[in-house]
Amino acid sequence: MEKRATIYYTSDVHGYLFPTSYGDKEEKAMGLFHCIANFKKDGNTLIFDGGDTLQGSPMASYIAEKGGELLESEPFSRVYNAAGYDAVVPGNHDFNFGYERLSRYTNALTGACLCANVKDLGGKSKLQNRYIFTLENGLRIGVTGVVTDYVTVWEKPEHLDNIQITDAFTAAKEELYKLKQEADVTVCIYHGGYECDLDTGEVLSTSRENVGYRILKELDYDVLLTAHQHMPVSGRDLFGTHTLQVMANGVQYAKIEIAKENETLHVASSICPAGDRHEEEPYRSLLPLEEEVQKWLDVSIGQIKAPIPEQNKLDMAMNGSGVADFFNQVQLTYSGADISCVGLGNTPMSLPEHITMRDLVRVYPFSNTLVVLSVNEEVLKKALERCAEYFTLKDGVVEISDVFLNPKVEHYNYDYFAGISYEIDLRMPVGSRVKEIRYKGEPLNGRTLSLCMSDYRASGTGGYEVYRECPVLKRIGAEVPKLALDYLKKHPILEIKKSGSILIRR
């Protein structure tokens, strides 16, 4: 007798409950409320989420900043509970606020919180390795969750107090063996992505940040639901496992249909748009919070001497960005470093003369803190070679390299430098393009400099592994948006100065 099951899946919601991007006030077809309005739940239906919920949106920032009763109420857990989520896996950004917040969030969930490679040494959270869901028709769905173990690379050590994170692949392998003993269908929810092209098998990354392809190739889960990379991957069968991924911020959800008769299993899926409708609750209950966030975003926080016009990403990289100049100016002021670098988001950006919180979160949607490293000329050259890889020549025309566009768009891994000028020659092969680096108009000649960057970049991610061995001179615990806010308050009419340049030869 055939037994059927349906799974609805979201991931990387990043605090986007309402149908807005917060960059403006227009309602958009996005947000968790719009996704969950499509879910039709019965005794043979499960709802899962792949993590990264607590950080990302202005609402998430507002909740973290205000704290108190608002934080205690855990609005995100309330929405998952109201929608009937059966299991949630924490993502790397859910560790951004430390053990107490993670514990409170997981304990507020009525569904299971699965993460087999995270050990709770303090015993406060409801994290568990696996769960067997027995459906109304008797079908047993065995589910485990794992998070990219790069959390240990990115996260502040104090945020991982009472938390031990182990190898993601090893945990997935161990849990599969246990699930097979009890379940008819095995599912792994992995807050991580694919390190290889799914069509060709080409290796795209050799770090352990993403091991989805390895899980597919070496393990035999029936379903692998991935996350983290924020890219749409339509459902497909690979090495006998059905796998997929959805975009971030509640833009999409997945619907997976499972049919099993005796030993025959069939899995099909679709990636679905969020749509443009929501249920009355819990939308209405959280609307006052959303209105508070919107008012907070429109508060004027400062003025710059001249507005910064919008540029496309290639123009920004080739000719410099006033937005990047602003953040580098902030970083240099608060760090006292010789030079600075900053990565920006994936979208074109601008700043008006009168800046609001909405403008600030639009151009810098990260919760990064700052690190100052000691870098010699060799290190700096390797880092700039990675930046130079952003460009490619096609018939003499400069374009953005596919390396920064596939398997996902990563404009944020191109860094804008302040305090130095340098030349690159795109006619030369990657790795041999940087021809000259100058500091205060003079060649480095072996000089060592202090370089300020985000804690994310200092971890060596994004192709900047060379930073991992550099001595740390200083850590600044305040988040960059808070430093920028303070800097604007101290400068009634701020003049943004360009410091550094890039000359591209082709």
Have a look at the DSSP beta bridges in region 1-149 and tell me what percent are antiparallel, nearest 5. 30
Per the C-alpha gyration tensor (a ≥ b ≥ c, the square roots of its eigenvalues), region 370-437 is rounded if a/c is under 1.5, else prolate if a/b beats b/c, else oblate; here it's oblate
For region 59-130, rounded, prolate or oblate, judged on the Cα gyration tensor with a ≥ b ≥ c (square roots of eigenvalues), a/c < 1.5 rounded, else prolate if a/b > b/c? oblate
Residues listed by number, region 313-340, amide nitrogen under 20 Å from residue 442 label point at 7 Å toward C-beta: 337-340
Contact order normalised by residue count of region 300-505, Cα under 8 Å, 6+ apart, percent: 36
How much length is gained on full extension from residue 310 to residue 2, taking 0.36 nm per residue of separation minus their Cα-Cα distance? 105.2 nm
Do the alpha carbons of any pairs in 180/217; 3/40; 408/498 sit beyond 23 Å of each other, and which pairs? 408/498
Inter-probe distance in nm under a simple model that places probes 7 Å from Cα toward Cβ, at residue 178 and residue 134: 1.9
Hey, can you rank 490-502, 332-344 by average C-beta count inside 10 Å, highest first? 332-344, 490-502
Between residue 501 and residue 202, what is 0.36 nm times their sequence separation minus the Cα-Cα distance? Round to one decimal in nm. 104.1 nm
Footprinting exposure proxy for 374, 432 (fewest neighbouring C-beta atoms within 10 Å first): 432, 374
For the chain, give me the percentage of DSSP beta bridges that are antiparallel, rounded to the nearest 5 percent. 65
As straight-line cross-link partners of residue 490, the qualifying aspartates and glutamates (C-alpha separation under 20 Å, not fewer than 8 residues apart within one chain) are 298, 325, 353, 359, 479
Pull out the extension gain between residue 475 and residue 238, defined as 0.36 nm times the separation in residues minus the alpha carbon to alpha carbon distance; nm, one decimal. 81.0 nm
So if R0 is 30 Å, what FRET efficiency would residue 299 and residue 71 give, r being the distance between their Cβ atoms, rounded to the nearest 0.05? 0.90
Students often forget the sequence filter, so: which lysines lie under 16 Å Cα-Cα from residue 435 once same-chain residues fewer than 8 apart are removed? 381, 382
For region 300-505, the Cα convex hull volume per residue in Å³ comes to 114
Hey, which lysines would be in cross-link range of residue 489, C-alpha to C-alpha under 20 Å, not counting anything within fewer than 8 residues on its own chain? 66, 295, 305, 497
Can you show me the helix-derived [θ] at 222 nm for the chain, built from DSSP H runs with n ≥ 4 at -39,500 (n - 2.57) apiece and divided by the number of residues, rounded to the nearest 500. -7500 deg cm²/dmol
Evaluate the distance, in nm, between pseudo-label points positioned 7 Å from the Cα of residue 350 and of residue 158 along their respective Cα→Cβ axes. 4.0
Could you compute the FRET efficiency for residue 318 and residue 280, with r as their C-beta to C-beta distance and R0 at 56 Å, rounded to 0.05? 0.65
Simple spin-label estimate for residue 121/residue 220, 7 Å along Cα→Cβ, in nm, reads 3.8
Where both residues lie in region 3-293, what percent of DSSP beta bridges are antiparallel, nearest 5? 55
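Rule-based calculations on the coordinates, nothing more; no lab input. Values in this document were obtained by computation on a predicted structure and should not be read as measured data. Note that each Cβ is placed from the backbone with ideal geometry, even for glycine, and that neighbours are counted across all protein chains shown.
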